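The values are calculated or read from the model by the stated rules, or taken from the named source; none is laboratory data. What you are looking at is a predicted structure, and each value in this text was computed from that prediction instead of being measured. In this analysis, Cβ positions are derived from the backbone assuming ideal geometry, glycine residues included, and neighbour counts consider all displayed protein chains.
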Amino acid sequence: MTELMPILFFFSLFVLLILGFPVAFTLGGVSLIFGLLTFGLDFFQLLPLRIWGVMTNYVLIAVPLFIFMGVMLEKSGLAEELLETMALLFGRLRGGLAISVVIVGTLLAASTGIVGATVVTMGLLSLPTMLKRGYSAELATGTIAASGTLGQIIPPSIVLVLLGSILNVSIGEMFVGAVIPGFLLVLLYLLWIVTIALFRPELAPAMPKEELEQFRKNGMFRRILHAFVLPFVLVLSVLGSIFAGIASPTEASAVGAFGATLLTITAKKFSLQTLKAVMLETTHLTSMVFIILVGASAFGLVFRGMKGDHYLTELILDANLSPHFFLVIVMLVIFVAGFFIDFIEIIFIIVPVVAPIFVKMEVNLLWLGVLIAINLQTSFLTPPFGFALFYLKGVAPKNITTKQIYKGVFPYILIQLLGLALVILFPEFVTWLPNFLVK
């Protein structure tokens, strides 16, 4: 019966989440019930100590600061200016608008890291233009949704901060290790768009020459300079300070929050009302992350108290699974879970359970963390609960159907799985840059 308790605990939690109960309260509530069954009233003495340990984690200060940075940049109008400039810059190429969306998605990922803000902004600004220019609805929606999710793997990323904290890997190392895999995905996206433009040019036409001529006459170089220099300076100040060893990720997140505020002031979009809106949204998003973290801490305490991690480790080791085979199973579980539950839930429920097993198997945890981050990025695109799909559907014109959005993201899901497979086969994509910088 003792060995069945962890299975019953995990199964009860998963069923309640699938039924749609709120994540934070489900995690906390189920953990409370099973904690009382496992520890008795002593559980109320253990739990506060566990929560206090999480809340005093210095690394997690980066979470609200990076969220503040992303929300403030959204209000600055930087994304709008970037999109307009890039669209005109690549407009003469077939597929140029789609290429510009991917590049802007990359720049916004390195500046903000907030999927919802990026997808909504690009959906509002780019989708009507792409449809007007004769782009296929599937290609347009798929490109926007996929580009918006790049903020999950390209640093600075909240996902990487949370994974680094749980796997006990330096956040700076996580950021450095994710750079090459992140840009590998960008390259694969661009190759797909170029292939479509070459073989199906009617799906991705070029922009009219008249508009491009008008752009060249009206201060083209000034607009390009203004659109690129400001975000580049911000990215350099945040990531450059981490990679150079000048600042820790937590300190760099404060630099990013301050820099985003300065950019908003420069763009003349700053006001007390804007600051209030940014602070409210930051508080809301941060509270959501941390209340789930509290519930996840209770879950981890109870699961380990039941010796669930011990039983699971023994089961895996007795089965004589190779580390790579077990890794493939875990990646498959995370991929399927991404169809139904949020990436934060996956990080806090699945990762702490499997991490000790990977430690015993002597798997590189930095490599593992980046693989999980790529896999979690895919969860934003997989129906029925892909958040990027919800965000895009919310701002898309009424004639764009959910079926078209699903068909549009399908090739990008395959591309992300290809990227994941390449990083599994070639760990150097993750480990080379951190090792090079250490030298």
| request: Check 239, 275, 301 and return the single one that is surrounded by 16 or more Cβ atoms within 10 Å (Cβ to Cβ) and either touching a Ser or Thr at 6+ places or on another chain (Cβ under 9 Å) or modelled with pLDDT of 80 or more (or both). | output: 301
| field | Residue among 433, 417, 437 that is farther than 29 Å from residue 288 by Cβ and surrounded by fewer than 17 Cβ atoms within 10 Å (Cβ to Cβ) | value | 437
| said: Could you tell me how many of the residues in segment 153-188 are part of a helix (DSSP H, G or I) and within 15 Å of residue 104 (Cα to Cα)? | reply: 5
| query | Counting only residues that are crowded, with 24+ Cβ neighbours inside 10 Å, out of contact with any Asp or Glu (no Cβ under 8 Å at 6 or more places or on another chain) and closer than 19 Å to residue 432 by Cβ, how many does segment 130-170 have? | reply | 4
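Could you grab me the full set of residues in segment 383-409 that are surrounded by fewer than 22 Cβ atoms within 10 Å (Cβ to Cβ), assigned to a loop (DSSP other than H, G, I, E, B) and not aliphatic (A, V, I, L, M)?
Listed by number, the residues that qualify are 383, 384, 385, 397, 398, 399, 401.
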| query | Considering only segment 189-199, how many residues are free of Cβ contacts under 8 Å to residues at least 60 places away in the same chain and over 24 Å from residue 378 (Cα atoms)? | reply | 1
| said: Take residue 428 and tell me if it is on the phi > 0 side of the Ramachandran plot, surrounded by fewer than 17 Cβ atoms within 10 Å (Cβ to Cβ) and free of Cβ contacts under 8 Å to residues at least 40 places away in the same chain. | reply: no
| remark: In segment 246-278, anything without any contact (Cβ under 8 Å) to a residue 60 or more places away in the chain, under 27 Å from residue 436 (Cβ atoms) and either touching a Gly at 6+ places or on another chain (Cβ under 8 Å) or part of a loop (DSSP other than H, G, I, E, B) (or both) is listed as 246, 247
| message | Based on this model, can you work out whether residue 316 counts as of a type outside the set (Asp, Glu), at pLDDT 70 or above and under 30 Å from residue 413 (Cβ atoms)? | response | no
| message | I'm trying to understand the selection: among the residues of segment 355-376, which are among the polar types (S, T, N, Q) and surrounded by fewer than 23 Cβ atoms within 10 Å (Cβ to Cβ)? | response | 364
| message | Please pick out the residue among 82, 88, 36 that is part of a helix (DSSP H, G or I), aliphatic (A, V, I, L, M) and modelled with pLDDT of 75 or more. | response | 36
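Hey, among the residues in segment 359-382 that are touching a residue at least 40 places away in the same chain (Cβ under 8 Å) and part of a loop (DSSP other than H, G, I, E, B), which one's nearest to residue 174 (Cα to Cα)? If you could, list the steps in order and put the result at the bottom.
Applying the first criterion (touching a residue at least 40 places away in the same chain (Cβ under 8 Å)) to segment 359-382 yields 360, 363-382.
Going one step further and asking which of them are part of a loop (DSSP other than H, G, I, E, B), we end up with 363-364, 380-382.
Values: 363: 15, 364: 12, 380: 20, 381: 23, 382: 25 Å.
Here the answer is 364.
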| message | Condition check: out of contact with any Leu (no Cβ under 8 Å at 6 or more places or on another chain), at pLDDT 70 or above, over 18 Å from residue 230 (Cα atoms) and not acidic (Asp, Glu). Does residue 123 satisfy that? | response | no
| query | residue 330 is checked against (1) at pLDDT 85 or above; (2) over 27 Å from residue 35 (Cβ atoms) and fails just one. What number does that condition carry? | reply | (2)
| message | Criterion first (at pLDDT 90 or above and among the small types (Gly, Ala, Ser)) does residue 178 satisfy it? | response | yes
